[in-house]
Amino acid sequence: MDFSVVELSGEDRAFQRELREFLSTVVTDEVLARDRETGENFDEGVHLALGEAGYLAADYRSEADGGFSAVRRRIWELEIGRAHTPWFHWGTTAMVAHTVERFASSELADEVLPGVLSGRLRLCLGYTEPEGGSDVATCKTRAVREADGSTWIINGSKMFTSNAHNAHYVFLITNTDPAAPKHKSLTMFLVPLDSPGVEIQPLRTVDGDRTNITYYSDVRISDRYRVGDVNAGWSVLRGALDVEHGTVERDAEGLQKIAVMTEHITLMADAVDAIAAALATPDAAGRRPLDDTSVAYRLGRGIARMEAAMSTPEMFGRVAIAQTMRDVSPDLMDILGAAGALPVDAAGAAAGGGAEYVFRLAGPTGIYGGTLEVFRNMIAQHALGLGRPHYSAPR
């Protein structure tokens, strides 16, 4: 792995300054406060401003098609994170849009893509089901084709349909042949969320984020919203899942985001900076908590774990990040004392309440995009060459 510093050209430095200034004007304190309150990780005003300025189109497109160069894309990702931009909706939208562009009809792609690049249209994922867990192929949401072949009727439900209330379409996995093996019974649709029969109910996670349960009751959609061939949904879905899992092939320049969930551990790094400053501040008697060797050791150990996780690539990094957050955040709260358990903006919260927030964030971080157990199985099978896990009951 090459850790050499990338020297920015004058044009790239100017781009960085312009982007940083732009984000400072749109990602305001009011935006951040509203995001903390709603837990939506999305702000329509910010999203539309980025679309109008051409940033969404540049991020979506390859350099050959007029998009960001590898260096500018990395600058873009870093500055978006540093500004704490409410941002997670764009990654999902872009991922689905690329899949639509590849597998859907040109008619559907032409309907969706211009709105995606302008920020007017957003797309969300309809994968997980209430009883399905991380195995999205065990899909029970049914899509039945009417006799004339032009219309489908969809019935079922999906869990964790994050940002469905801010989206216009859901990329929905359905079962179109219950008698077939599970990976050969799936068909993907891009379902308009304003269709009659779609119901969106909010669901709060322990870290304060909002996700949704979505219900589909006799939802009728045209066959033009089908993405890919009937019963070939797994081949359509696999590319999108690889992007979500962070297992796509990396380019030779090595400038991509090192692993999925780096945004989450960046929040932990911000919290650790504030915690270290608080522990190094003398109290009224002139004593610093950091002078206690056990406190210094535990803080240093946590920082070392965090730095190692932030430097771990691909699906290995996905596991390292989530596990580190789960292991280290309770320790950070403990060394801060009782005030470390107070939330952000609470009176008397130690270090701004960051430790308590990271503690709550750590649990869902090990679930988003697939549980830690799923990723550990992927590492075991695909990286280490071990066999499939055996889940039968003990004898």
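The values are calculated or read from the model by the stated rules, or taken from the named source; none is laboratory data. Remember, it's a predicted structure, so these values are computed and weren't measured experimentally. With ideal geometry, Cβ positions are generated from the backbone for all residues, glycine too; neighbour counts draw on all protein chains shown. Accessible surface is based on the protein model in full, side chains and every heavy atom, while ligands, DNA and RNA are left aside. Shrake-Rupley method; radii C 1.70, N 1.55, O 1.52, S 1.80 Å.
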For the chain, give the magnitude of the charge dipole about the Cα centre (Cβ charges: +1 Lys/Arg, -1 Asp/Glu; no others), in debye to the nearest 20. 1140
How many Lys pairs in the chain lie less than 27 angstrom apart by Cα atoms, where the lysines are 8 or more positions apart or on different chains? 5
Nearest 10 degrees, 0 to 90: what angle lies between the long axis of helix 233-245 and the longest principal axis of the chain (Cα atoms)? 10
To the nearest 20 debye, what charge dipole does the stretch 122-231 have about its Cα centre, counting +1 at the Cβ of each Lys and Arg and -1 at the Cβ of each Asp and Glu? 100
Out of residues 5 or more away from VAL227 or on other chains, whose amide H comes under 5 Å of its own, with H placed 1.01 Å from N in the peptide plane? MET188, PHE189, LEU190
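Any idea what the dipole of the stretch 9-85 comes to, in debye rounded to 20, about its Cα centre with Lys/Arg Cβ at +1 and Asp/Glu Cβ at -1?
340
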Can you classify the stretch 260-382 as rounded, prolate or oblate using the Cα gyration tensor, where a ≥ b ≥ c are the square roots of its eigenvalues, rounded means a/c under 1.5, and otherwise it's prolate if a/b beats b/c and oblate if not? prolate
Over the chain, what is the relative contact order in whole percent, taking alpha-carbon pairs under 8 Å and six or more residues apart? 12
Shape verdict for the chain, please, from the Cα gyration tensor: rounded (a/c under 1.5), prolate (a/b greater than b/c) or oblate. prolate
Pairwise centroid distance, computed over Cα atoms, of the stretch 182-227 with the stretch 128-174, Å: 5
When the Karplus curve 6.51 cos²θ - 1.76 cosθ + 1.60 is applied with θ = phi - 60°, which whole-Hz ³J(HN,Hα) does each residue of the stretch 147-158 get, with x for Gly and Pro? 4, 6, x, 9, 9, 10, 10, 10, 9, x, 8, 9
Given a cut-off of under 8 Å on Cα pairs at least six residues apart, what relative contact order in percent is computed for the stretch 9-85? 41
Can you show me the helix-derived [θ] at 222 nm for the chain, built from DSSP H runs with n ≥ 4 at -39,500 (n - 2.57) apiece and divided by the number of residues, rounded to the nearest 500. -14000 deg cm²/dmol
Most mobile of ALA322, ALA143, ALA179 in a GNM of the chain (Cα contacts under 10 Å): ALA179
Among HIS183, HIS84, HIS382, the residue with the largest mean-square fluctuation in a Gaussian network model of the chain built from Cα contacts under 10 Å is HIS382
Amide H neighbours of SER162 at under 5 Å, excluding residues fewer than 5 places away on the same chain, with H built from the backbone geometry, are LEU125, ASN212
With labels modelled as points extended 7 Å from the Cα through the Cβ direction, what inter-label distance (nm, one decimal) is found for ARG102 paired with VAL6? 2.3
Euclidean distance of C-alpha centroids, the stretch 330-381 and the stretch 293-325, integer Å: 12
Share of carbon and sulfur in the accessible heavy-atom surface of the chain [1.4 Å probe, %]: 53
Would you grab the residues whose amide H sits under 5 Å from the one on LEU193? Only those 5+ places off in sequence or on another chain, please, with H modelled 1.01 Å from N. TYR169, VAL170
Note to self: with every protein chain in place and a 1.4 Å probe, the chain gives an accessible area per residue in Å² of 49
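If the chain between SER24 and TYR297 were fully stretched, how many nm would it gain, using 0.36 nm times the residue separation less the Cα-Cα distance?
Additional length available on full extension: 94.6 nm.
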Which of rounded, prolate, oblate describes the stretch 122-231, given a ≥ b ≥ c as roots of the alpha-carbon gyration tensor eigenvalues and a/c under 1.5 marking rounded, otherwise prolate only if a/b is larger than b/c? oblate
Here, THR151 and ARG120, labelled 7 Å along Cα→Cβ, have an inter-label distance in nm of 2.8
Please work out the FRET efficiency for the pair ASP177 and ARG287, using the Cβ-Cβ distance as r and a Förster radius of 51 Å; give the result to the nearest 0.05. 0.15
At R0 = 30 Å the Cβ-Cβ FRET efficiency linking ASP223 and HIS382, nearest 0.05, sits at 0.25
Just VAL144, VAL96, VAL319 to compare: in a GNM of the chain, with alpha carbon springs under 10 Å, which one fluctuates most? VAL144
Taking θ as phi - 60°, what are the ³J(HN,Hα) couplings along the stretch 70-79 by the Karplus curve (6.51, -1.76, 1.60), each to the nearest whole Hz, with x for Gly and Pro? 4, 5, 5, 5, 5, 4, 4, 4, 5, 5
